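Trainee: Take this structure first; my questions come after.
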Amino acid sequence: MPTCLPTVVRRCHACASERFRANGRFRVNANHKLLDAWVLVLCASCGDTAKLTVFERTNVRSVRPDLLDRMHDNDPSLAAELLQDPVVQRRNRFALDWTGAWRLDTGGTDHLDREVIDVSVGFAARIPVRPVRLIADGCGLPRAEVERLVAQERLISAVRLSGKVSSHFSFMLKR
């Protein structure tokens, strides 16, 4: 589950830093029937503002009114949605760094003493995380132990556990 907006990884034109903080603010500019909209991000080093393009010379009538209202209200949840949008990321050439911007909710520790644990992992946002790290944190095990369980086929999942995932998955752990 996300706890705050992720860090935007993009080069600053003023100080050559590569980290920006998103604060959920927007800039919307209308020129007659054409609309421009940006998500504003601040450089972590110098504080300079950069604009990440959401709309560029778009007809006002083609933008949903509720979306435009959320931009005018500086809705942080809309900023989070737009920062995760692959089209916006590709257009503005940036990536997201989720380090320290999410937390793991396990629902308690009463399941850890069972012989077989069947777990379903759900994501509240598309946060790329290594399943081995999630399993280690959730079960209170060292990552090396989790990797050993995978090698011994006592930790089974339909998804590849060695890479990163950002969508729901499940696994079964046999102790």
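The values are calculated or read from the model by the stated rules, or taken from the named source; none is laboratory data. This is a predicted model, so every value here is computed, not measured. As a convention, Cβ positions derive from the backbone with ideal geometry for all residues, glycine included, and neighbour counts pool all protein chains shown. Note: accessible area is taken over every heavy atom of the protein model, side chains too, but ligands, DNA and RNA are not part of it. Shrake-Rupley method; radii C 1.70, N 1.55, O 1.52, S 1.80 Å.
Trainee: Mind checking which residues of region 39-92 are part of a helix (DSSP H, G or I), under 18 Å from His13 (Cα atoms) and of a type in the set (S, T, N, Q)?
Mentor: Those that are part of a helix (DSSP H, G or I), under 18 Å from His13 (Cα atoms) and of a type in the set (S, T, N, Q): Gln89, Asn92.
Trainee: Pairs needed: first member in region 164-175, assigned to a loop (DSSP other than H, G, I, E, B); second member anywhere, open to solvent by 80 Å² or more (accessible area, probe 1.4 Å); C-beta distance under 6 Å; at least 6 residues apart or different chains.
Mentor: Every condition considered, the pairs that remain are Lys164/Arg130; Ser166/Arg126; Arg175/Glu115.
Trainee: Are any residues in region 11-56 touching a residue at least 24 places away in the same chain (Cβ under 8 Å), among the charged types (D, E, K, R) and open to solvent by 70 Å² or more (accessible area, probe 1.4 Å), and if so, which ones?
Mentor: Arg19, Arg25, Arg27, Lys33, Lys51
Trainee: Of the conditions (1) modelled with pLDDT under 90; (2) surrounded by 15 or more Cβ atoms within 10 Å (Cβ to Cβ), Leu96 fails just one. Which one is it?
Mentor: (1)
Trainee: As an exercise: evaluate Gly24 against (1) part of a strand (DSSP E or B); (2) at pLDDT 95 or above and give the number of the one condition it does not meet.
Mentor: Result: Gly24 fails condition (2) only.
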